[in-house]
């Protein structure tokens, strides 16, 4: 009985692998077109002060260049001054060139009082958008 279960599971795994590897629309490369890369921040707005433990939201604007690009997340350093970068996913091989301005919320929260510097990466790494956040005791 155990041999039968093992063979059944092995056959099921192989069948699922074959089905997911095949393309129904005839474009064999479409499922392999996926990349991730960073977009340049173009504008950052929001508060420049908060209290310890109270999150603030900064609105980060950036451009997508094709219809296949979507926002993934913000990648950031763990040390200060903290570098913050916009990570995009590009899924699909046949994308229309469409320039779109997108704004996403970035949340910052500090566990201790102090002055924190956030550097949002732009097209030129030497010129980030710098936001200084003052965090006070509640």
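For the stretch 83-98, indicate whether the set of residues that are in contact (Cβ under 8 Å) with a residue 12 or more places away in the chain, under 21 Å from residue 127 (Cα atoms) and exposed (fewer than 13 other Cβ atoms within 10 Å of the Cβ) is non-empty.
no
Look through 72, 59, 43 and report the one residue that is farther than 30 Å from residue 32 by Cα, modelled with pLDDT of 95 or more and within 16 Å of the chain's Cα centre (by Cα).
59
Would you tally the residues in the stretch 50-71 being in a strand (DSSP E or B) and in contact (Cβ under 8 Å) with a residue 24 or more places away in the chain?
Going through the stretch 50-71 one residue at a time, the tally reaches 15.
Please indicate, with yes or no, whether at least one residue in the stretch 86-96 is touching a strand residue (DSSP E or B) at 6+ places or on another chain (Cβ under 6 Å) and within 24 Å of residue 137 (Cα to Cα).
no
Suppose the filter is over 26 Å from residue 33 (Cα atoms) and surrounded by fewer than 13 Cβ atoms within 10 Å (Cβ to Cβ); does residue 126 pass it?
Criteria met by residue 126.
Quick check on my filter: what residues within the stretch 29-49 are assigned to a strand (DSSP E or B) and either in contact with a helix residue (DSSP H, G or I) (Cβ under 7 Å, 6 or more places away or on another chain) or surrounded by 15 or more Cβ atoms within 10 Å (Cβ to Cβ) (or both)?
Passing the criteria: 39, 41, 42, 44, 46.
The values are calculated or read from the model by the stated rules, or taken from the named source; none is laboratory data. Treat the numbers as computed from the prediction; the structure is a model and nothing was measured. Cβ: placed from backbone, ideal geometry, glycine included. Neighbour counts: every protein chain shown.
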